[in-house]
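Here the structure is laid out as structure tokens; the discussion comes afterwards.
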Amino acid sequence: MKREAGLRHGEQPGILSLFRRKAEHLEFLSHLLPKSRPSLLRRLQPKLRPSSLHRLPALLLIPALLLLGPAGCWDRQELNELGIISATGVDLTDTGRWEVSYQLVIPNAISAQGAYVGGSSSPVNVFTSVGDSFRGAVSRTTQEMSRRVYFSHNQVVVISEEAARRGINNLMEAYMRNGDSRETVTVLVTEGSARTILEQLLPMERISGVGINRLITLEEKYGGNFRQISMFEMMQDLLSPVHITAVPGIGLSGSGAAVDTVDAAKTTHTGAKVRLQKVAIFKNNKLAGWLSTHENRGLLWVTNRVKGSTVSFPCQGERQKLNSIRLKKQKTRVTPVRKGSGWLMKIESKATGVLMEYNCPGSMRKPQDLLPVEASIEAELKRDMEDGILAAQRLKADAAGFGNLLHLKHKEEWKQIESDWNERGFPKVEIEISVHVKLAKTGRSIESYNEAFEKSRKKE
């Protein structure tokens with residue numbers, strides 16, 4: 001009876017009533033929108049007319065009929081048919097062919113809780129394929145691998161020095177063109193064999209490829225000596241006007257045996273450890289040379305790429321760096337100025353930090369007592385930047401990005417010097433550096449422990 005009464009009063013049954021209520025809600029919403037957006041109002045207005053409501057059931061039937069067609073997972077990828085790659089290494093054979101190594105994750109070895117130490121099998125397996133091209137080497141994995149290699153979870157790409165000096169054009173082309181190779185992967189360079197790095201096991205990580213990626217991530221965030229660079233960022237740098245990029249180096253440190261077996265990782269210490277060391281400078285897609293950690297840190301300050309850093313500095317008049325400061329905020333501004341036939345780069349850097357360790361005489365009760373401390377820190381940062389720029393000039397590689405600034409601010413003049421900028425222009429650039437450091441906090445003590453200890457002895 002209620003249904004018949006509703007129909008007599010003009011109510012629409014089922015889905016028709018739902019669309020009428022939706023139209024009323026949209027009409028109410030249109031009053032809340034600004035009058036200056038008529039196009040938005042038109043899109044919100046229901047386009048169903050009363051005459052088309054009778055055809056609505058037939059229209060809704062069309063999508064249902066289409067679902068009866070080609071249903072199913074036609075492009076499915078079963079997990080037990082894939083070989084998940086966590087890291088990739090690029091080497092060269094003696095004949096000049098590409099030798100690509102893969103760190104394959106073993107699901108059964110990492111399925112249990114806890115670390116791999118104490119387990120009977122390795123969590124990863126490393127194998128290699130060889131080809132005349134990068135993707136050609138990848139296609140040969142089916143000759144010794146029972147699963148199709150899957151690169152979507154690849155964390156790092158390690159390139160050997162020999163392969164880097166030959167040129168990485170093929171590697172860039174493969175990552176730029178293929179969708180299964182993600183350009184967000186982290187890039188590293190090693191002086192030795194890339195496969196050797198992939199074979200190492202990290203004590204705190206099940207999958208060493210993931211551990212190496214975390215290593216460079218934490219270093220960039222807290223250490224400030226290296227910059228984590230992805231394949232995409234590397235492409236951007238090499239396609240910039242100066243065609244220069246800096247890639248962190250990685251290698252084995254220590255005198256002990258390599259940790260490439262599960263039994264070797266069961267001890268309380270490891271003789272050889274995977275460690276970030278040096279920085280590889282690429283010029284025109286080829287390795288041009290190496291910078292030290294100290295030199296690279298200075299360039300990171302110049303290019304505004306320091307997220308956080310702990311800097312050691314000496315007391316005034318001394319050489320030994322017994323003090324440290326944690327720098328949290330940093331901003332560097334570079335202004336190119338024409339000077340004769342060359343260029344002068346005025347570099348102004350400002351930083352704020354917290355004192356972490358202080359072993360100099362004197363107290364810090366008054367604001368003027370902080371001035372000598374800040375001056376020592378400023379001198380240390382200035383020295384880092386000067387050394388970094390001079391090292392890049394020796395390599396004739398504008399890792400400081402001065403040419404990019406000239407391209408943006410002095411386009412007409414840049415066109416005249418662009419062709420030989422790295423070889424002639426950049427090595428002759430003069431620099432003028434000013435650093436301003438402010439101590440935001442000095443910690444819980446206004447004087448060093450040594451100073452307090454000497455005062456307590458005098459009272460006895």
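Go through the range 195-217 and count every residue that is under 17 Å from residue 279 (Cβ atoms) and of a type in the set (A, V, I, L, M).
If we filter the range 195-217 for residues that are under 17 Å from residue 279 (Cβ atoms), which is where we start, we get 197, 212, 215-217.
Add one more test, that the residue is of a type in the set (A, V, I, L, M), and what stays is 197, 212, 215-216.
Residues in the range 195-217 being under 17 Å from residue 279 (Cβ atoms) and of a type in the set (A, V, I, L, M): 4 in total.
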Open item on the list: Condition first: part of a helix (DSSP H, G or I) and modelled with pLDDT under 85. Can you find one or more residues in the range 182-191 that meet it?
Closed with: no
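Yes or no: residue 406 touching a helix residue (DSSP H, G or I) at 6+ places or on another chain (Cβ under 6 Å), not assigned by TED's automatic domain parsing to the domain that holds residue 237 and not small (Gly, Ala, Ser)? Before you say what the answer is, go through the steps one by one.
Values: touching a helix residue (DSSP H, G or I) at 6+ places or on another chain (Cβ under 6 Å): yes; not assigned by TED's automatic domain parsing to the domain that holds residue 237: yes; not small (Gly, Ala, Ser): yes.
Judged against the criteria, residue 406 is a match.
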Task: Filter result (hydrophobic (A, V, I, L, M, F, W, C), in a helix (DSSP H, G or I) and within 29 Å of the chain's Cα centre (by Cα)) within the range 403-453 - done: 405, 406, 408, 421, 426
Open item on the list: Pairs needed: first member in the range 230-257, over 15 Å from residue 400 (Cα atoms); second member anywhere, among the aromatic types (Phe, Trp, Tyr); C-beta distance under 7 Å; at least 6 residues apart or different chains.
Closed with: 231/175; 248/226; 249/290
Task: Selected residue (criterion: most open to solvent (accessible area, probe 1.4 Å)) from residues of the range 119-176 that are under 24 Å from the mean Cα position of the chain (by Cα) and aromatic (Phe, Trp, Tyr) - done: 150
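Among the residues of the range 84-102, are any at pLDDT below 85 and not acidic (Asp, Glu)? First the steps, then the outcome.
Taking the range 84-102 first, the residues at pLDDT below 85 are none.
No, the range 84-102 has no match at all.
Quick check on the range 431-460: of everything there that is of a type in the set (Ser, Thr, Tyr) and exposed (fewer than 13 other Cβ atoms within 10 Å of the Cβ), which residue is modelled with the highest pLDDT?
Looking only at the range 431-460, we keep the residues that are of a type in the set (Ser, Thr, Tyr), and these are 434, 442, 445, 448-449, 456.
If we keep only those that are exposed (fewer than 13 other Cβ atoms within 10 Å of the Cβ) too, we end up with 434, 449, 456.
Details: 434: 96, 449: 79, 456: 78.
Restricting to residues being of a type in the set (Ser, Thr, Tyr) and exposed (fewer than 13 other Cβ atoms within 10 Å of the Cβ), the top hit is 434.
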Open item on the list: Test of understanding: among 347, 389, 377, which residue is in the same structural domain as residue 451 (by TED's automatic domain parsing), more than 25 Å from residue 440 (Cα to Cα) and surrounded by 14 or more Cβ atoms within 10 Å (Cβ to Cβ)?
Closed with: 389
Task: Residue list for the range 238-286, restricted to those being at pLDDT 85 or above and basic (Lys, Arg) - done: 273, 275, 278, 283, 286
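Being among the polar types (S, T, N, Q) and in the same structural domain as residue 217 (by TED's automatic domain parsing) is true for just one of 323, 285, 304, 359. Which residue is that? Walk me through it before giving the result.
Values: 323 fails: in the same structural domain as residue 217 (by TED's automatic domain parsing); 304 fails: in the same structural domain as residue 217 (by TED's automatic domain parsing); 359 fails: in the same structural domain as residue 217 (by TED's automatic domain parsing).
Matching residue, one of 323, 285, 304, 359: 285.
Residues to consider are 278, 329, 273; find the one that is open to solvent by 30 Å² or more (accessible area, probe 1.4 Å) and within 30 Å of residue 361 (Cβ to Cβ). Step through it out loud before you land on a result.
Working: 278 fails: within 30 Å of residue 361 (Cβ to Cβ); 273 fails: within 30 Å of residue 361 (Cβ to Cβ).
Answer to the check: 329.
The values are calculated or read from the model by the stated rules, or taken from the named source; none is laboratory data. These numbers come from a predicted model, not from an experiment. For neighbour counting, all protein chains shown are included, and Cβ atoms are generated from backbone atoms with ideal geometry for every residue, glycine included. For the accessible areas, the whole protein counts, side chains as well, though only heavy atoms, and no ligand, DNA or RNA atoms are used. Shrake-Rupley method; radii C 1.70, N 1.55, O 1.52, S 1.80 Å.
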